[in-house]
Amino acid sequence: IANFIVLDHVNHFSAPSLAQLLSRAGLIVASVDDTAYRGAFVVVARRANEPEHVAISEEFSRDVQEWLSRFQGIASFWSSAAERIRCQEAQLPPDAQTAVYGAGFYGAFIISCLSEPQRAVCHIDQNVHLQGRELNGRPIISPIHLPEAIRNVWVGLNPSHARQIISQVDALKTRPLSFLFLE
């Protein structure tokens, strides 16, 4: 869902647009799989015997229509994401300190949307290569080092997987925490 707004994602394909591109490049597409690897397409194609001009097919047009609702859902998510974060923030006690689970794109996005970003005192991340560093002037810590004063945790993860990931972090199950999701 972040692919449409992350700066370093320079190519934005759907399965039908990728198949159309490959066809125009003289390849015969056997399959385009968007489920084998999260966040990527796995494509099987072979070179055509003779290059030919490929017109936009009816099948491509139908595929685009099917994907259009997915794209509209993504656009809707991002057009209201900042407002959803600010609404959740307004529900917190005025003196509540928070943490942001995630030291990547989604965590940085949450911080950028907060009316009072200074209340987010740290990022939590299980990636040992990030722990001990800083993001936005906040330390990145392991879940087991979450300060006792924190009761509210922003979940800065891909919304498609956030609830499952958070439910599997044992260190966050040992005390009462309120999780604030992007969805």
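The values are calculated or read from the model by the stated rules, or taken from the named source; none is laboratory data. Values in this document were obtained by computation on a predicted structure and should not be read as measured data. Using ideal geometry, Cβ is built from the backbone for each residue, glycine included, and neighbour counts are taken over all protein chains shown. Remember, those area values only see protein heavy atoms, side chains included, never the ligands or the DNA or RNA. Shrake-Rupley method; radii C 1.70, N 1.55, O 1.52, S 1.80 Å.
Checked against (1) assigned to a loop (DSSP other than H, G, I, E, B); (2) modelled with pLDDT under 75; (3) of a type in the set (S, T, N, Q), Asn49 passes all but a single condition, namely (2). In summary, Leu21 fulfils each of the numbered conditions (1) at pLDDT 80 or above; (2) part of a helix (DSSP H, G or I); (3) of a type in the set (A, V, I, L, M); (4) open to solvent by less than 70 Å² (accessible area, probe 1.4 Å) with the single exception of condition (4). Quick one: is Val6 assigned to a loop (DSSP other than H, G, I, E, B), surrounded by 15 or more Cβ atoms within 10 Å (Cβ to Cβ), at pLDDT below 75 and not acidic (Asp, Glu)? So Val6 does not fit the description; no.
A quick yes/no check of all residues on (1) open to solvent by less than 50 Å² (accessible area, probe 1.4 Å); (2) in contact with a helix residue (DSSP H, G or I) (Cβ under 7 Å, 6 or more places away or on another chain):
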residue: Val100; (1), (2): yes, yes
residue: Gly104; (1), (2): yes, no
residue: His123; (1), (2): yes, yes
residue: Gln126; (1), (2): no, yes
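Residues of region 106-118 that are open to solvent by 30 Å² or more (accessible area, probe 1.4 Å) and assigned to a helix (DSSP H, G or I): Ala108, Phe109, Ser112, Pro117, Gln118.
If you go through region 128-140 one residue at a time, do you hit one that is in contact (Cβ under 8 Å) with a residue 12 or more places away in the chain and of a type in the set (Gly, Ala, Ser)? The answer is no; no qualifying residue exists. Within region 92-104, the set of residues being in a loop (DSSP other than H, G, I, E, B) and either touching a Cys at 6+ places or on another chain (Cβ under 9 Å) or farther than 12 Å from Ser115 by Cβ (or both) comprises Pro93, Asp95, Ala96, Gln97, Gly102, Ala103, Gly104.
Residues are listed down the side, and each one gets a yes or a no for (1) in a strand (DSSP E or B); (2) surrounded by fewer than 11 Cβ atoms within 10 Å (Cβ to Cβ):
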residue: Ile140; (1), (2): yes, no
residue: Ile150; (1), (2): no, no
residue: Trp154; (1), (2): yes, no
residue: Pro159; (1), (2): no, no
residue: Ile166; (1), (2): no, no
residue: Ala171; (1), (2): no, no
residue: Thr174; (1), (2): no, yes
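Among the residues of region 27-46, just one is charged (D, E, K, R) and at pLDDT below 80, namely Arg38. Being touching a Pro at 6+ places or on another chain (Cβ under 6 Å), open to solvent by less than 70 Å² (accessible area, probe 1.4 Å) and either at pLDDT below 90 or over 30 Å from Gln20 (Cβ atoms) (or both) is a property that Val64 has. Answer yes or no: is there a residue in region 81-89 that is closer than 27 Å to Tyr37 by Cα and either in a helix (DSSP H, G or I) or open to solvent by 60 Å² or more (accessible area, probe 1.4 Å) (or both). Within region 81-89, one or more residues are closer than 27 Å to Tyr37 by Cα and either in a helix (DSSP H, G or I) or open to solvent by 60 Å² or more (accessible area, probe 1.4 Å) (or both).
When Arg163 is tested against (1) under 13 Å from Tyr101 (Cβ atoms); (2) in contact with a Cys (Cβ under 9 Å, 6 or more places away or on another chain), only condition (2) is not met.
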